[in-house]
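The values are calculated or read from the model by the stated rules, or taken from the named source; none is laboratory data. This one's a predicted model, so the numbers in the text were calculated from it and none came from an experiment. Cβ atoms come from the backbone with ideal geometry, glycine included; neighbour counts cover every protein chain shown.
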Amino acid sequence: MKHMTRKATRHVNQNEGLIFEKSSPGKAAWKLPPLDVPEVDTAKLLGSAERKDLGNLPEVSEIEIIRHFTRLSTWNYAIDLGMYPLGSCTMKYNPRVNEFVSRLEGIANAHPYQPEKISQGALRIMKTISEQLIEITGMDAITLQPAAGAHGEMTGLLMVRAYHQSKGNARKKILIPDSAHGTNPATAAMVGYAVENLKSDSRGMVDIASLESQMNEDVAALMLTNPNTLGVFEQQIHKIADLMHAKGGLLYMDGANMNALVGKVRPGDFGVDVMHLNLHKTFSTPHGGGGPGSGPVAIKKILEPFVPKPVLINKPDGTLGLDYNRPHSVGRVRAFYGNFGMFVRALAYIQANGPDGLRQTTEDAVLNANYIRKGLEGAYDLPYATPSMHEVVFSDRVQSTKGVKTMDIAKRLIDYGFHPYTTAFPLIVPGALMIEPTESEPKEELDLFIEAMKSIAQEVEEDPQTVLDAPHSTRVSRLDETAAARKPVLRWTPASK
Amino acid sequence: MRYLPKSPADRKAMLAAIGARSVDELFAPIPAEYRLDRDLKIPRQMSESEIVDWFKQRSRENGDGYASFLGAGVYLHYRPVIIDSLISRGEFLTAYTPYQAEISQGTLQSIFEFQTMICELTGMEVANASMYDGSTGSAEAVMMAARLTGRHGVVIARSVHPEYREVLGTYATHQGLPIAEVSYGADGRVDLKELQRAVTDQTACVLIQSPNFFGTIEDVAAIAEIAHRSGAMLVVSIAEAASLGIVEPPREGDIVAMEAQSFGVPLTFGGPHCGVIATREKYVRQMPGRLVGQTVDKKGKRGFVLTLATREQHIRREKATSNICTNQALVALMVNIFMTVYGKLGLRELAKQNLAKTDYAASRLGTHGSILFNTSPRFNEFVLQTSEDPYSINSRLLGHKIVGGLPLKKFYPELGNAALWCCTEMTSRTAMDTAACVIAEGQNPQLSESEPVEEVAR
Amino acid sequence: MAYPTDRKYTKEHEWVQVNGTIASIGITNYAQESLGDIVFVEVPKVGAELAAGKTFGTVESVKAVSDLYSPVSGTVTETNADLATSPEKVNKDPHGSWMVRVTVKNSGELDNLLSAADYEKFVSEEGGH
């Protein structure tokens, strides 16, 4: 039979369109209960402010919605399916008990303005996780307000600025290593600081001599990720902290790589003055396709006066409360108290682990990364011989002689059933392959990953075109990002297909 | 530990493969003086049932089962159950940011639908994939206007949510953006004469909220006219997304900074919620946050990708439009599903019910106090001024398991004994009637209403 | 490749071609190759003042943004309208796609720039990176 039916052929999920393409007047997925109060004349109440038409919003039934999103979901890779070897993302298991407890009614329906008397549960959750994160980081105090890592960086730098201002000189610059994540310089600029680049040495760590020459009374802070984005622990962290402090500067740590440190070492112990945590990395809250995150900022005592308000306190009657009387506070960085739903999840994670679980988690994370490093050492170029912690960075130097780059290898990895690693970052390694397995990977998965990567390396030698044209097995392949950027189409319109 | 998928035998084999005698060798790069030789001082490992019990206790301590009249930027609307059924799917919950488009089409296509619906609702041409929340979204929108106009002055209405204004203050301080506040009039709306005086040729934008913090709908057209006449942009913040079902969107605005929490996002004590910025197409390159665009693959098949990424931090670094990295993807998906469930007709009905409930509550409560700003149209919130201190009224209401309106003294001392009351489709008539009685008690204990006062659940 | 000799070049990969008192500025073939598909070019408005060696705009590909450095000082008299609608022309014909035209303030500045031969040499040394 020549003609093709319009229903999907190979798999029922293949031809799902946009929800608007299913819409048709008269279909509905909603039903409101009848009003227990009198109806109103909206025209009378609102006058010219009344909206007559909601435009092109869809009208579909419930089952169509269920099918639509269920089908779409099958087009996604996810941690629940397999490993994400993404460097510095810490794609670990998202425990389901976290989801369950966040939906308990008293938690899910808690209004941030409800009286303190009936918010003791929420405040106790905030207090508990605050105490535990302070212990984990070795710092003195913490603010839970920032909504994500980048937001935490901004909050941290605002406090740094307030601190310096209180000493009479806000200072002008922030030093940032060339290996840093893009949020670091973007944040520094947002807070009104100029960014000065700090070189890495041949071992991939901060070049101490450069730091010494660049550190002066114009520098407010050094923003450091430790371990850095190469997965390397700054072995001279003591010297770094001393150099900063000697000239009155502060040491900010980007906590993105805490998964290598929890339970083994505490940033507060090695000289960090202020740092942010990523609850959606180290503390297992789900990535959900790109967020929400949560970026608490832990600080040493000297920064405590500047913390965003309100601050959690113990009231004289023994209950918990929120203190708004903070004259030196940098203010608010967002409405309400932070991404409370993520505190619940992160706390449940810490509770499920306890001190031994957290330590074992960190050890497994570092073990996994080193196992991969050993497994791929021959097949890919390792630009730095320095030991790796929880992540390892290779480069495509060998493969690029055959015209194959890190992005191509990454796309081919998809055909082997894995999500790609982080490509082209950090910038100090041209053609980088940044791999962080996390502790959530069994040995079997790691072996499969190593096998896949070795196989691709071989393909590059024998049949590079297969790699260059990858992925071959996905629903769509090599989407035209250039066209998307040149002539952006950012919404569906009725006339379009 | 049950989340760790390795047996002792696995670890042994792996260490052997690496050539290390113990895992401690792998931590040698950490200077010995810092390595912890003790357990972290946190409670012992808990079993799953213990964790559940711990949080259930916290939930009980948290006013579980109260009827609430609180709004003020966070709204209790009914959440269709399919939202959680769908977003709990591992492929949505545990998926990463869709940088690798081929294996993220589920996330990307749903964001594209989200962007589309936000445009339809707000009357704008492009929308991003979400910001952290309404407060930071508003601050980012203001900074966007400053970049676009090349000007620095910001004029903000005092009828904008007090915490939003605080956040803007924090963001603006270091961007060199002086802020001028304009008051509201007796009608609860922005004082247009004061606005006229405040807007100059140095003003980058005017920021208003509509419906505003008091629930009153602003005269957006008049405000836009004043702003535009001086070459300033109009940024409109919308905290109660449900209003868009029945209230005309701010079409005369240039940038809309919305909080979409009302659309299926649980209150969760203030976060995570769902901000979003929508604007005109010509401003898209200065818009912060992720954007999903439609394109085709090498076989001509339709697909979606993150686009215009060069605005963002991972490329632009210190010159980025913002430092924002995450968006609120999972909550945006909740919003997406909510908007899809209610759709064109449902969102209107939902809004109408909110109007009806609030109108009834205002009429009942208004007999025991005065409703301020009564001459202006409003959506689902109103301000009730009473002779009795609202804190004292609320204290009595708590005894009936009711959370009363938000006392406004701390934010607007000039309003005296005023409180902000919100009703949604979830607020029962019984709760409203009971609240009215309880308020009446304070007026004149002997002359309270004849209806029996009940304890109400939500 | 052989770079046209009717103009001068900078180490930041711009070219400048002078015609009477007006200089046209664009980016070289090496630049467009390194950038990949160009999606957007941002240049200043007519009347803006450019200073030699300072940035005056940006050119974007999908994954990168590069600053444009002005080879000479001058006032912008014209910007190329094609850039907004067809940025791909910069990829297809980099040396034929001028971005801005400026009045030449100080023709001595041209002496500091590279000739076609010098630029070719510079690029071949930097090449492979």
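Would you call A:Phe394 more than 30 Å from B:Arg44 (Cβ to Cβ), more than 12 Å from every other protein chain (Cβ to nearest Cβ) and not acidic (Asp, Glu)?
Numbers: more than 30 Å from B:Arg44 (Cβ to Cβ): yes; more than 12 Å from every other protein chain (Cβ to nearest Cβ): yes; not acidic (Asp, Glu): yes.
Yes, satisfied.
If you go through region C:90-117 one residue at a time, how many are loosely packed, with under 12 Cβ neighbours inside 10 Å and within 14 Å of chain A (Cβ to nearest Cβ)?
1
If you check A:Met139 against the conditions, is it farther than 25 Å from A:His276 by Cα, more than 7 Å from chain B (Cβ to nearest Cβ), crowded, with 21+ Cβ neighbours inside 10 Å and not acidic (Asp, Glu)?
No; evaluated as a whole, the condition is false for this residue.
Failed condition for A:Leu123, given (1) under 17 Å from B:Pro266 (Cβ atoms); (2) among the hydrophobic types (A, V, I, L, M, F, W, C); (3) more than 7 Å from chain B (Cβ to nearest Cβ), with all others met?
Among (1) under 17 Å from B:Pro266 (Cβ atoms); (2) among the hydrophobic types (A, V, I, L, M, F, W, C); (3) more than 7 Å from chain B (Cβ to nearest Cβ), the lone unmet condition for A:Leu123 is (1).
May I ask you to verify whether A:Met205 is surrounded by 18 or more Cβ atoms within 10 Å (Cβ to Cβ) and under 27 Å from B:Gly270 (Cβ atoms)? Working first, answer last.
On the way: surrounded by 18 or more Cβ atoms within 10 Å (Cβ to Cβ): yes; under 27 Å from B:Gly270 (Cβ atoms): no.
Criteria not met by A:Met205.
Scan region B:273-303 residue by residue and report those that are of a type in the set (A, V, I, L, M, F, W, C), in a loop (DSSP other than H, G, I, E, B) and either surrounded by fewer than 24 Cβ atoms within 10 Å (Cβ to Cβ) or touching a Phe, Trp or Tyr at 6+ places or on another chain (Cβ under 8 Å) (or both).
Within region B:273-303, just B:Cys274 meets the criteria.
Among the numbered criteria (1) hydrophobic (A, V, I, L, M, F, W, C); (2) modelled with pLDDT under 90; (3) crowded, with 24+ Cβ neighbours inside 10 Å, which one does B:Ile315 miss?
(3)
Anything in region B:37-93 that is at pLDDT 95 or above and on the phi > 0 side of the Ramachandran plot? List them, or say none.
Of everything in region B:37-93, those that are at pLDDT 95 or above and on the phi > 0 side of the Ramachandran plot turn out to be B:Ala72, B:Gly73.
For residues in region B:1-22 being part of a loop (DSSP other than H, G, I, E, B) and either in contact with a Ser or Thr (Cβ under 7 Å, 6 or more places away or on another chain) or within 7 Å of chain A (Cβ to nearest Cβ) (or both), which is surrounded by the most Cβ atoms within 10 Å (Cβ to Cβ)? First the steps, then the outcome.
Initial filter on region B:1-22 (part of a loop (DSSP other than H, G, I, E, B)): B:1-7, B:19-22.
Going one step further and asking which of them are either in contact with a Ser or Thr (Cβ under 7 Å, 6 or more places away or on another chain) or within 7 Å of chain A (Cβ to nearest Cβ) (or both), we end up with B:1, B:3-6.
On the way: B:Met1: 16, B:Tyr3: 18, B:Leu4: 19, B:Pro5: 15, B:Lys6: 23.
Restricting to residues being part of a loop (DSSP other than H, G, I, E, B) and either in contact with a Ser or Thr (Cβ under 7 Å, 6 or more places away or on another chain) or within 7 Å of chain A (Cβ to nearest Cβ) (or both), the top hit is B:Lys6.
Which pairs turn up if I take residues in region B:266-285 that are without any contact (Cβ under 8 Å) to a residue 12 or more places away in the chain and more than 9 Å from chain A (Cβ to nearest Cβ) and look for partners that are surrounded by fewer than 19 Cβ atoms within 10 Å (Cβ to Cβ) and not in a helix (DSSP H, G or I) with beta carbon separation below 9 Å, at least 6 apart in sequence or on another chain?
If the second residue must be surrounded by fewer than 19 Cβ atoms within 10 Å (Cβ to Cβ) and not in a helix (DSSP H, G or I), the pairs left are B:Lys282/B:Glu125.
Output the residues belonging to region A:229-259 that are in a helix (DSSP H, G or I), buried (at least 24 other Cβ atoms within 10 Å of the Cβ) and not hydrophobic (A, V, I, L, M, F, W, C).
A:Gly255, A:Asn257, A:Asn259
Condition check ((1) over 30 Å from A:Pro185 (Cβ atoms); (2) assigned to a helix (DSSP H, G or I); (3) at the interface with chain B (Cβ under 10 Å from one of its Cβ atoms)) across all residues:
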{"site": "A:Leu413", "(1), (2), (3)": "no, yes, yes"}
{"site": "A:Phe425", "(1), (2), (3)": "no, no, yes"}
{"site": "A:Lys454", "(1), (2), (3)": "yes, yes, no"}
{"site": "A:Ser473", "(1), (2), (3)": "yes, no, yes"}
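Please work out if A:Val262 is facing another protein chain (nearest Cβ under 9 Å), out of contact with any Asp or Glu (no Cβ under 9 Å at 6 or more places or on another chain), within 25 Å of B:Asp37 (Cα to Cα) and touching a residue at least 60 places away in the same chain (Cβ under 8 Å).
Working: facing another protein chain (nearest Cβ under 9 Å): yes; out of contact with any Asp or Glu (no Cβ under 9 Å at 6 or more places or on another chain): yes; within 25 Å of B:Asp37 (Cα to Cα): yes; touching a residue at least 60 places away in the same chain (Cβ under 8 Å): yes.
So A:Val262 passes the test.
What residue, of A:Gly375, A:Gly341, is over 30 Å from A:Pro292 (Cβ atoms), at pLDDT 95 or above, small (Gly, Ala, Ser) and in contact with a helix residue (DSSP H, G or I) (Cβ under 6 Å, 6 or more places away or on another chain)? Show your work before the answer.
Working: A:Gly341 fails: over 30 Å from A:Pro292 (Cβ atoms).
Step by step, each of A:Gly375, A:Gly341 is checked, and only A:Gly375 is over 30 Å from A:Pro292 (Cβ atoms), at pLDDT 95 or above, small (Gly, Ala, Ser) and in contact with a helix residue (DSSP H, G or I) (Cβ under 6 Å, 6 or more places away or on another chain).
Can you find even one residue in region A:160-173 that is in the same structural domain as A:Gly248 (by TED's automatic domain parsing), surrounded by 21 or more Cβ atoms within 10 Å (Cβ to Cβ) and among the charged types (D, E, K, R)?
First pass over region A:160-173, keeping only residues in the same structural domain as A:Gly248 (by TED's automatic domain parsing): A:160-173.
Right, trim to surrounded by 21 or more Cβ atoms within 10 Å (Cβ to Cβ) and you get A:160-161, A:163, A:171.
Restricting the remaining residues to those that are among the charged types (D, E, K, R) gives A:161, A:171.
Yes, the conditions are met somewhere in region A:160-173.
So which of C:Glu125, C:Glu49, C:Glu120, C:Glu78 is of a type in the set (D, E, K, R), surrounded by fewer than 20 Cβ atoms within 10 Å (Cβ to Cβ) and touching a Lys or Arg at 6+ places or on another chain (Cβ under 8 Å)? Give the derivation first.
Values: C:Glu125 fails: touching a Lys or Arg at 6+ places or on another chain (Cβ under 8 Å); C:Glu49 fails: touching a Lys or Arg at 6+ places or on another chain (Cβ under 8 Å); C:Glu120 fails: touching a Lys or Arg at 6+ places or on another chain (Cβ under 8 Å).
Testing whether each residue is of a type in the set (D, E, K, R), surrounded by fewer than 20 Cβ atoms within 10 Å (Cβ to Cβ) and touching a Lys or Arg at 6+ places or on another chain (Cβ under 8 Å) leaves just C:Glu78.
Given the options B:Glu25, B:Glu91, B:Glu120, name the one that is more than 7 Å from chain A (Cβ to nearest Cβ) and either part of a helix (DSSP H, G or I) or touching a Gly at 6+ places or on another chain (Cβ under 6 Å) (or both).
Values: B:Glu91 fails: more than 7 Å from chain A (Cβ to nearest Cβ); B:Glu120 fails: more than 7 Å from chain A (Cβ to nearest Cβ).
Only one candidate passes the filter, namely B:Glu25.
Can you list residue pairs whose Cβ atoms sit under 6 Å apart, with the first residue in region B:172-186 being aromatic (Phe, Trp, Tyr) and the second being assigned to a loop (DSSP other than H, G, I, E, B)? Count only pairs 6 or more apart in sequence or on different chains.
So the pair list comes out as B:Tyr184/B:Arg158; B:Tyr184/B:Ser159.
One residue is enough: does region B:41-53 have a residue meeting the conditions surrounded by fewer than 19 Cβ atoms within 10 Å (Cβ to Cβ), part of a loop (DSSP other than H, G, I, E, B) and more than 7 Å from chain A (Cβ to nearest Cβ)?
There is at least one residue in region B:41-53 that is surrounded by fewer than 19 Cβ atoms within 10 Å (Cβ to Cβ), part of a loop (DSSP other than H, G, I, E, B) and more than 7 Å from chain A (Cβ to nearest Cβ).
How many of the residues making up region B:237-272 are more than 14 Å from the chain's Cα centre (by Cα) and not in a loop (DSSP other than H, G, I, E, B)?
Restricting attention to region B:237-272, the residues satisfying the condition of being more than 14 Å from the chain's Cα centre (by Cα) are B:244-255.
Next, only the ones that are not in a loop (DSSP other than H, G, I, E, B) stay: B:244-245, B:247, B:255.
Looking only at that region, the number is 4.
For region A:475-497, which residues satisfy the criterion of being closer than 16 Å to B:Glu102 by Cβ, assigned to a loop (DSSP other than H, G, I, E, B) and touching a helix residue (DSSP H, G or I) at 6+ places or on another chain (Cβ under 9 Å)?
Within region A:475-497, A:Arg475, A:Val476, A:Ser477, A:Arg478, A:Leu479 meet the criteria.
Identify the single condition in (1) under 27 Å from C:Asn106 (Cα atoms); (2) in contact (Cβ under 8 Å) with a residue 12 or more places away in the chain that C:Val62 does not satisfy, given that it satisfies every other one.
So the condition that C:Val62 fails would be (1).
So A:Tyr384 clears everything in (1) facing another protein chain (nearest Cβ under 9 Å); (2) in contact with a Leu (Cβ under 9 Å, 6 or more places away or on another chain) except one condition, right? Which one?
With (1) facing another protein chain (nearest Cβ under 9 Å); (2) in contact with a Leu (Cβ under 9 Å, 6 or more places away or on another chain) applied to A:Tyr384, the lone miss is (1).
With respect to B:Gly416, is the statement that it is over 22 Å from B:Tyr66 (Cβ atoms) and at pLDDT 95 or above true? Lay out the reasoning, then the answer.
On the way: over 22 Å from B:Tyr66 (Cβ atoms): yes; at pLDDT 95 or above: yes.
Yes; evaluated as a whole, the condition is true for this residue.
If you scan region A:24-47, which residues turn out to be more than 8 Å from chain B (Cβ to nearest Cβ) and not in a loop (DSSP other than H, G, I, E, B)?
Across region A:24-47, the qualifying residues are A:Ala43, A:Lys44.
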